[in-house]
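Shown next, in structure tokens, is the structure this report addresses.
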Amino acid sequence: MMTRAQEYRRKALNRMKGILQDHLSTALMDIRRLSSITGNIEEIFSNIPVHMTRKSLDNPDPTAISTVPVIVTATLHMEKDIDIRNNDIVIVKILNETGTEIDDAWRGIAGNPWTVNSRKRVSMTMQQLGRDSIIDSVTPPQDIIPEGKSTITIKFLDDMAATVRSSITTTAKIGEPLEIEALLIHGWDFLQMEFNGAVYNIDKLEFTPMDSEYEVIFVYEKLLIPTHFKVLQSSRFQRDDGTFATGAHWYALIPLRLRHADGDFMQFLIPTDRITHIESRNMIQFYPRMNGARLLIMPQEYFAEIISTTQEPDGFLINAAKVIPTTAESAAYITTRYDEIYAFEGW
């Protein structure tokens, strides 16, 4: 039989236990995160053991029959290696005393976590769901999507991280789906895409920007054999930036089929013997099949001179040899503004 003092201590401990249970709960936590690639909410972790301390309670309708608080300011305590991030959607399932059943459930948007004494903590405002509403908690609150613009830098590199072509910077509205596709770059094969520290074997990125800045890298590998050539022309032309100039430039992009290559000598087939250049109402025709004509072989960008030409049923067979360019040829502008003019079916 308990003494009066023991009975008093027992009741005090029970009262203290009740107070602690109101403010410190053993629970399981699910973490859901908005994927920046798919735009969907994905469950990252589930049933992580945590303790939830409730700092304050707020019942928006104190005159209601139910006095159970529906909003709390809470802090979650967990192991320090848990990957919880700012803006993660957190579902906390409060366990009963035996830890065998779920008594209640809460949802919140995580703030910035911090670590104290080898334990990670994160605070947030949480809304009560109830044990029967856990399935519906996948839908995120609308206010987790920040307003504003996202700046996206798109880079085009080779497998040694050297620039293949100049980067592109664009902006998009945060929270709206976006598609970014790799460019077709003559003389280069698409290899892979890098985004958010991961590598993907796809040439189109579909995602919903949620942060203010992103970097997308498309990686290419150089083709080992020539695929095109350019011809030297001296006339008015348009640079890649849209400005006009007059002078020597390597014009157009004509496909070729390599037949044979041996050292400095090469033999290839071209689909046409006549190229027309029109700029500002001036039309100039020139013939790349003429002996002595100088070519810029792409994508390797080395110079060649035509030695002889033979007409065949499907084009012109060119025998050419590599040459050392003149100062003027080396300085001539390599324009890409006219690269799509000459498209030959089957080439």
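So which residues in segment 80-122 are in a strand (DSSP E or B) and either charged (D, E, K, R) or not assigned by TED's automatic domain parsing to the domain that holds GLU42 (or both)?
Across segment 80-122, the qualifying residues are LYS93, ASP103, ASP104, ARG107, ARG119, LYS120, ARG121.
Give segment 245-259 a look and list any residue that's in contact (Cβ under 8 Å) with a residue 24 or more places away in the chain and under 16 Å from ALA332 (Cβ atoms), or say none.
From segment 245-259, those in contact (Cβ under 8 Å) with a residue 24 or more places away in the chain are 245, 247-259; that's our starting set.
Of everything in segment 245-259, those that are in contact (Cβ under 8 Å) with a residue 24 or more places away in the chain and under 16 Å from ALA332 (Cβ atoms) turn out to be ALA245, GLY247, ALA248, HIS249, TRP250, TYR251, ALA252, LEU253.
For segment 323-333, how many residues are more than 11 Å from ARG294 (Cβ to Cβ) and either in contact with a His (Cβ under 9 Å, 6 or more places away or on another chain) or crowded, with 16+ Cβ neighbours inside 10 Å (or both)?
1
Picking from VAL231, VAL219, which residue would you name as being surrounded by 13 or more Cβ atoms within 10 Å (Cβ to Cβ), within 30 Å of SER35 (Cα to Cα) and aliphatic (A, V, I, L, M)?
Criteria check complete, one pass: VAL219.
Just for segment 84-127: of the residues that are within 28 Å of the chain's Cα centre (by Cα) and charged (D, E, K, R), which one is surrounded by the most Cβ atoms within 10 Å (Cβ to Cβ)?
Among residues in segment 84-127 that are within 28 Å of the chain's Cα centre (by Cα) and charged (D, E, K, R), the one surrounded by the most Cβ atoms within 10 Å (Cβ to Cβ) is ASP88.
Out of all the residues in segment 204-241, which are closer than 30 Å to ILE270 by Cα and free of Cβ contacts under 8 Å to residues at least 60 places away in the same chain?
Within segment 204-241, the first condition is being closer than 30 Å to ILE270 by Cα, and the residues that meet it are 219-241.
LEU224, ILE225, GLN233, SER234, SER235, ARG236, ASP241 - these are the residues of segment 204-241 that are closer than 30 Å to ILE270 by Cα and free of Cβ contacts under 8 Å to residues at least 60 places away in the same chain.
Determine which member of the set ILE154, ILE135, ILE144, ILE180 is surrounded by 14 or more Cβ atoms within 10 Å (Cβ to Cβ) and at pLDDT below 85.
Step by step, each of ILE154, ILE135, ILE144, ILE180 is checked, and only ILE144 is surrounded by 14 or more Cβ atoms within 10 Å (Cβ to Cβ) and at pLDDT below 85.
Return the residues of segment 277-297 that are out of contact with any Phe, Trp or Tyr (no Cβ under 6 Å at 6 or more places or on another chain), part of a strand (DSSP E or B) and either modelled with pLDDT of 55 or more or over 25 Å from THR246 (Cβ atoms) (or both); say none if nothing qualifies.
ARG294 - this is the single residue of segment 277-297 that is out of contact with any Phe, Trp or Tyr (no Cβ under 6 Å at 6 or more places or on another chain), part of a strand (DSSP E or B) and either modelled with pLDDT of 55 or more or over 25 Å from THR246 (Cβ atoms) (or both).
I'm trying to understand the selection: among the residues of segment 177-213, which are part of a loop (DSSP other than H, G, I, E, B), among the hydrophobic types (A, V, I, L, M, F, W, C) and farther than 30 Å from THR335 by Cβ?
Quick first cut of segment 177-213, residues part of a loop (DSSP other than H, G, I, E, B) only: 177, 182-187, 196-197, 201-203, 208-212.
Filter once more, so that each one left must be among the hydrophobic types (A, V, I, L, M, F, W, C): 182-185, 202, 210.
Within segment 177-213, ILE202, MET210 meet the criteria.
Please indicate, with yes or no, whether at least one residue in segment 219-229 is modelled with pLDDT of 90 or more and farther than 24 Å from LEU256 by Cα.
yes
The values are calculated or read from the model by the stated rules, or taken from the named source; none is laboratory data. All figures in this text were calculated on a predicted structure; none of them were measured in a lab. So basically every Cβ, Gly included, is an ideal-geometry build from the backbone, and we count neighbours across all protein chains shown.
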